[in-house]
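See below for the structure under consideration.
Nothing in this text is a laboratory measurement; each read-out follows from the coordinates by a stated rule. All of these numbers come straight from a predicted model, not from anything done at the bench. Glycine also receives a Cβ, built like all others from the backbone with ideal geometry; neighbour counts cover every protein chain displayed.
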């Protein structure tokens, strides 16, 4: 016979369709057609709008049910002659083993999910543990773990003299230091000469600022500029000497400091004479010369540079004696 709900072919005597699980029931004894509930498959009396089993509303989908398409499940008459009765739409009680065969697969799926999650945690945890806590606790130790050999075994001995290339380099360094010291000493003498020249050029400037009168000054500005060039040429040479490691290193540094004082003094003198020749009018010249003398170089006046040099130079001269 065929299922009245899904049309599947089913064996005779089945109480429920194995395909759609709808309960099978034929027409009543009177042969009148019966309305079927779409939700549970139970028969619904004619004219009733809700299923008496599941309570859901009944649609008219099966009102056109044809008696020929309805499969009537009949039971063999009993020996006592009782008439056949309709099969109940209520499913029979499950027999032993039916529950296990008909159970849903959801618990099985849930068990698989749980097992997979536990396996993932074990893999991640094991990897993390392996990286952060290696089985070898000394794997990442970088400091020395063994005592160093501090014995003198294999010591080649003390070098008492130079040889080969070392001897040549040492000889060149010694010659370089000697030349540097000699040039620096000559520079000390030059600074004494520049001191005298500055004094000669400063006197007319100071008299001009006091009286406004200037005596014979022909070529004084040119002389001052020549003095500055001669001094700074030698000063730059001496400042470039490498005296590290030499016994002359400390004195070389003191001479450079004294030379910086003299350099400031020389520039003040040159600026004063340049200003004096740039302004033909005495009043304008006095203002310009006074600014050069008092404003000076790097914020110090001519008198300040002169005093610094004289005191420092006297100290160096006394150390030579």
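Counting neighbouring Cβ atoms within 10 Å and putting the fewest first, the residues 110, 243, 14 line up as 110, 14, 243. Once R0 is set to 45 Å, what does the formula 1/(1 + (r/R0)^6) return for the Cβ-Cβ distance between residue 56 and residue 117, expressed as a FRET efficiency to the nearest 0.05? After rounding to 0.05, the efficiency reads 0.70.
The length gained on full extension between residue 232 and residue 186, counted as 0.36 nm times the residue separation minus their Cα-Cα distance, comes to 15.2 nm.
Available extension along the chain between residue 171 and residue 110 is 12.9 nm, counting 0.36 nm per residue and deducting the alpha carbon span. The stretch between residue 283 and residue 6 holds 86.9 nm of extra length on full extension. This uses 0.36 nm per residue minus the Cα-Cα distance. Note on residue 207 and residue 317: with the Förster distance fixed at 25 Å, the Cβ-Cβ geometry gives a FRET efficiency of about 0.30. Projected label points at residue 298 and residue 131, each 7 Å from Cα along the beta carbon direction, are separated by 6.0 nanometres. FRET efficiency for the residue 148 to residue 290 pair, using the beta carbon distance and R₀ = 51 Å, is estimated at 0.10.
With a cut-off of 15 Å, note down the residues of the stretch 225-248 whose backbone N falls inside the zone around a label point 7 Å from the Cα of residue 179 toward its beta carbon. Those under the cut-off are 237-243.
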